[in-house]
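Q: Before anything else, here's the structure in question.
Derivation of every value follows stated rules applied to the coordinates shown; laboratory data play no part. Keep in mind that what you see is a predicted model, and the values were worked out from it rather than measured. Glycine gets a Cβ as well: all are built from the backbone with ideal geometry, and neighbour counts include every protein chain shown.
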2 protein chains.
Amino acid sequence: MAAKKTSLSFERPLTTVDIVIFTVLDEQLQVLLVQRPGGPEEPYPNAWALPGGFVDVDKDDSLLACARRKLLDKTGVKSPYLEQLGSWGGKTRDPRGWSATHAYFALLAADSVKLVQDEAKPARWHPVAELSPRKRLAFDHGDILQAALERLRNKVEYTSLPAFLLPEPFTLPQLQKMYEVVLGRPIDKSGFRTRALAADFLKEDGFLDVGSPRPAMGYRLKDRSAVMYFPRTFSPRS
Amino acid sequence: MAAKKTSLSFERPLTTVDIVIFTVLDEQLQVLLVQRPGGPEEPYPNAWALPGGFVDVDKDDSLLACARRKLLDKTGVKSPYLEQLGSWGGKTRDPRGWSATHAYFALLAADSVKLVQDEAKPARWHPVAELSPRKRLAFDHGDILQAALERLRNKVEYTSLPAFLLPEPFTLPQLQKMYEVVLGRPIDKSGFRTRALAADFLKEDGFLDVGSPRPAMGYRLKDRSAVMYFPRTFSPRS
DNA sequence: CTAATAGTGTCTCTGAGACACTATCGG
DNA sequence: CCGATAGTGTCTCAGAGACACTATTAG
């Protein structure tokens with residue numbers, strides 16, 4: 001394993017990991033952003049940015065481990081839904097030099113989060129509807145967020161992803177609401193129930209009384225590590 | 001732009017770009033591999049690997065540009081279908097140190113390629129069916145190839161990707177053959193034609209005589225920079 | 001004519017969408 | 001009883017799959 005360093009002396013890009021963390025809060029899709037420190041030597045001082053940072057070659061065994069570490073640090077959540085989104089790299093995206101970031105995207109239930117406030121870097125939920133072109137994010141994080149949103153909205157059409165936005169157990173009406181919030185349009189109840197149950201990724205877990213007149217069946221995911229793919233989408237006929 | 005180097009003195013991972021280049025040759029899906037040099041200081045000497053290498057912070061403006069450069073160097077092809085596949089990074093994947101690779105995947109027509117042979121690194125097409133667990137690829141390139149195959153087979157079900165495996169103009173029977181080769185199963189002719197034409201991504205380009213008894217209509221892509229998504233898949237009924 | 005490939009017509013059936021309906025609770 | 005939410009039944013229709021059919025060429 002004694003690494004040969006010969007001819008590896010060229011300049012290496014900076015390597016970071018950034019995470020787009022989504023949740024649904026107040027019936028709105030929200031993303032977690034941190035405010036960058038304001039020092040004069042900092043890039044994008046005081047701008048909002050995705051949580052993330054440099055890979056630590058001593059602490060992190062892999063990119064995924066690095067993402068998990070950063071997510072745990074910020075939110076206290078151990079095992080959210082986490083998938084790779086892509087990578088962005090180039091000469092000009094960071095004024096400090098050629099840099100490449102590995103972006104991940106995560107879904108979690110709002111109430112499972114205890115935001116950890118680093119006084120230098122305050123963290124806050126931002127409704128995605130309220131920041132589209134408004135305040136510009138640091139680096140190319142606006143592009144990354146955009147890609148994450150497209151991926152999320154796309155996958156929601158044909159997967160069980162929104163289940164990760166809810167604490168278990170949850171009811172079918174609650175789950176339907178998650179789909180509707182992410183997609184931004186109502187879904188037919190009957191069709192939704194038929195498909196969700198036919199997809200066979202839920203198991204019953206007793207009745208829940210969530211304050212509505214009639215108690216509803218509570219459900220849990222059969223396998224929290226698997227995502228269900230529906231054969232077709234929820235698209236309206238149009 | 002004068003970059004502050006203060007506090008950026010920690011160790012940086014090695015950064016590479018690797019490309020999974022697919023084509024169809026002899027009615028088989030094939031992938032381009034290069035043989036690693038055999039020097040005693042080289043990792044995985046003489047093993048087959050995906051084409052790729054270190055990002056050059058002077059030559060490459062971005063990850064995508066880096067991928068294009070490497071692809072052009074190896075195959076002489078300027079504008080193939082090229083998309084990002086994902087990234088793989090960790091402490092142990094390269095014996096020379098913590099490294100992260102940005103993987104891309106490309107599709108091109110076999111006859112558009114003039115393989116550039118670097119005497120130190122011979123390049124050759126390998127039928128994917130013939131190397132599954134057989135010869136182990138260098139680094140984690142087996143995993144990357146596996147991911148590329150899954151992505152390709154998956155997307156072929158509902159996109160026009162196989163069109164990039166053919167030189168233009170091509171006939172519908174030729175295009176159908178590309179789908180069948182990648183999917184590894186026959187497709188119904190009538191349904192295929194209906195859907196391909198309804199998807200409206202082809203434009204007619206006169207009749208072609210490809211040696212078969214009856215000449216067939218030749219087609220070109222309306223927009224070589226866009227991929228068509230079908231509303232449903234080609235899956236057989238059960 | 002025949003063989004071979006290009007291209008079309010037609011039947012069936014699944015499953016999604018729309019929407020009206022019933023069921024069960026609190027008050 | 002009523003209102004509200006949970007959950008079901010039913011009609012229709014687009015579109016995919018299966019497969020038999022016609023069309024056009026070479027010899």
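Q: In the range B:182-196, how many residues are touching a residue at least 24 places away in the same chain (Cβ under 8 Å), within 13 Å of DNA strand D (Cβ to nearest atom) and surrounded by 12 or more Cβ atoms within 10 Å (Cβ to Cβ)?
A: Residues that pass the stated criteria total 5.
Q: Under 19 Å from the mean Cα position of the chain (by Cα) and surrounded by fewer than 22 Cβ atoms within 10 Å (Cβ to Cβ) - does that describe any residue in the range B:92-100? Even if it seems obvious, please write down each step before you answer.
A: Just the residues of the range B:92-100 that are under 19 Å from the mean Cα position of the chain (by Cα), to begin with: none.
Looking for residues that are under 19 Å from the mean Cα position of the chain (by Cα) and surrounded by fewer than 22 Cβ atoms within 10 Å (Cβ to Cβ), one finds none in the range B:92-100, hence no.
Q: Restricting attention to the range A:213-231, and to residues there that are touching a strand residue (DSSP E or B) at 6+ places or on another chain (Cβ under 9 Å) and either within 10 Å of DNA strand D (Cβ to nearest atom) or not in a loop (DSSP other than H, G, I, E, B) (or both), which single residue is farthest from A:E168 (Cα to Cα)?
A: It comes out as A:Y229.
Q: Applying the selection to the range B:75-89, what residues are within 14 Å of another protein chain (Cβ to nearest Cβ), under 30 Å from B:P40 (Cα atoms) and polar (S, T, N, Q)?
A: Just the residues of the range B:75-89 that are within 14 Å of another protein chain (Cβ to nearest Cβ), to begin with: B:82-89.
Filter again for under 30 Å from B:P40 (Cα atoms), leaving B:87-89.
Matches in the range B:75-89: B:S87 only.
Q: Can you say whether B:L149 is more than 14 Å from chain A (Cβ to nearest Cβ), in a helix (DSSP H, G or I) and out of contact with any strand residue (DSSP E or B) (no Cβ under 7 Å at 6 or more places or on another chain), as far as the supplied structure shows? Break it down stepwise before answering.
A: Working: more than 14 Å from chain A (Cβ to nearest Cβ): yes; in a helix (DSSP H, G or I): yes; out of contact with any strand residue (DSSP E or B) (no Cβ under 7 Å at 6 or more places or on another chain): yes.
Yes.
Q: Could you check the range B:68-89 and list, in sequence order, the residues that are closer than 23 Å to A:T15 by Cβ and assigned to a strand (DSSP E or B)?
A: Selection gives B:L82, B:E83, B:Q84, B:L85, B:G86, B:S87, B:W88, B:G89.
Q: For the condition over 23 Å from A:P43 (Cβ atoms) and without any contact (Cβ under 8 Å) to a residue 40 or more places away in the chain, what is the one hit in B:G52, B:G38?
A: Numbers: B:G52 fails: without any contact (Cβ under 8 Å) to a residue 40 or more places away in the chain.
Criteria check complete, one pass: B:G38.
Q: Are there any pairs, at least 6 apart or on different chains, whose C-beta atoms fall under 9 Å, with the first in the range B:56-69 and facing chain A (nearest Cβ under 8 Å) and the second outside any loop (DSSP other than H, G, I, E, B) and of a type in the set (K, R), and if so, which?
A: Filtered contacts from the range B:56-69: B:D56/B:R69; B:D60/B:R69.
Q: Taking only pairs six or more apart or across chains, which ones have beta-carbon atoms under 6 Å, a first residue in the range A:164-180 that is more than 14 Å from chain B (Cβ to nearest Cβ) and farther than 18 Å from A:Q28 by Cβ, and a second residue that is within 16 Å of DNA strand C (Cβ to nearest atom) and part of a helix (DSSP H, G or I)?
A: Within 6 Å, the pairs are A:L172/A:R193.
Q: I'd like to check something: does the range B:13-33 contain any residue that is at the interface with another protein chain (Cβ under 9 Å from one of its Cβ atoms) and not aliphatic (A, V, I, L, M)?
A: Yes: the range B:13-33 contains one or more residues that are at the interface with another protein chain (Cβ under 9 Å from one of its Cβ atoms) and not aliphatic (A, V, I, L, M).
Q: A further question follows. State the number of residues belonging to the range B:100-132 that are among the hydrophobic types (A, V, I, L, M, F, W, C), closer than 25 Å to B:A163 by Cβ and not in a loop (DSSP other than H, G, I, E, B).
A: Residues in the range B:100-132 being among the hydrophobic types (A, V, I, L, M, F, W, C), closer than 25 Å to B:A163 by Cβ and not in a loop (DSSP other than H, G, I, E, B): 9 in total.
Q: Consider A:T92 carefully, then state whether it is in a loop (DSSP other than H, G, I, E, B), closer than 27 Å to B:L85 by Cα and either β-branched (V, I, T) or more than 14 Å from every other protein chain (Cβ to nearest Cβ) (or both). Spell out how you get there, then give the answer.
A: Values: in a loop (DSSP other than H, G, I, E, B): yes; closer than 27 Å to B:L85 by Cα: yes; either β-branched (V, I, T) or more than 14 Å from every other protein chain (Cβ to nearest Cβ) (or both): yes.
The answer is yes for A:T92.
Q: Something else: Could you list all residues from the range B:8-50 that are over 20 Å from the mean Cα position of the chain (by Cα) and charged (D, E, K, R)?
A: Across the range B:8-50, the qualifying residues are B:E11, B:R12, B:E41, B:E42.
Q: Working carefully through the options A:G206, A:G218, A:G191, A:G184, find the one that is over 22 Å from the mean Cα position of the chain (by Cα) and on the phi > 0 side of the Ramachandran plot.
A: Working: A:G218 fails: on the phi > 0 side of the Ramachandran plot; A:G191 fails: on the phi > 0 side of the Ramachandran plot; A:G184 fails: over 22 Å from the mean Cα position of the chain (by Cα).
Exactly one residue qualifies, and that residue is A:G206.
Q: Given (1) surrounded by 15 or more Cβ atoms within 10 Å (Cβ to Cβ); (2) away from chain B (no Cβ under 14 Å); (3) under 17 Å from the mean Cα position of the chain (by Cα), identify the lone condition not met by A:G53.
A: For A:G53, the failing item is (2).
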